[in-house]
1. Using DSSP to define loop residues, name the chymotrypsin sites (Phe, Trp or Tyr not before Pro) in region 73-105 whose beta-carbon has at most 12 other beta-carbon atoms within 10 Å.
2. Suppose R0 equals 22 Å. What FRET efficiency, 1/(1 + (r/R0)^6) with r the Cβ-Cβ distance, do Q101 and S77 give to the nearest 0.05?
3. Going out from 0 in 10 Å bins, what whole percent of all Cα-Cα distances in region 60-99 drops into each bin?
Amino acid sequence: MRGSFRNFGAGYTKEEIKDRIDNPEKWQNKEEFRNSPGLQLWDSVKNLKTAAASYAAADNLSELQKQIDGKTAKAKSAEKEAKDLQEKSDNVQHFLGYELQFQPTSKTTHKAPHTQSGHPFS
C-alpha cells in the first residue's frame, strides 16, 4: 500500500516525518506521537515488517519460539536487575538521610568515632 504524506493531515510534512524517524527519542514520549493516526499506522507496518523478518530468519516456528523465549528471559532478568539496583539505591538514600540527621554538632560532647576518611561508616 502506497500513500502520500498529505493523507495524514496537518503537521506531517516530509521533513517532520523524517525528523520523527531520525530522532525517535525526541518524539517517543510525546502525547501527539502516541495519538497520531499516521504514526500509529507507520508503527504497525514497521512492527509487521520486523515480525516477518524474524519469522523469515528462523528455520521454523519452534526456532522462532526459542528466540522469543530467550529474549523474554533476558528482558525479565534485566527488569529484576533494575529493581534490585533501585532497591539498593533506595537503601543508600535512606541511610544517608540518617547520617545527615545524626551528624554531631559543635555543642555535642559525645562524638562518633571516625576513621581516617572522617566518615563513621568507612
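1. Listed in order of number, the matching sites are F102.
2. Values: r = 37 Å, r/R0 = 1.67.
Efficiency at R0 = 22 Å is approximately 0.05.
3. Bins of 10 Å from zero give 28, 26, 19, 15, 9, 3 percent of pairs.
Laboratory data are not the source of any read-out in this text; all were calculated from the coordinates shown. These figures come from a predicted structure and were not determined experimentally. Methodologically, a virtual Cβ is constructed for each residue, glycine included, from the backbone with ideal geometry; neighbour enumeration extends over all protein chains shown.
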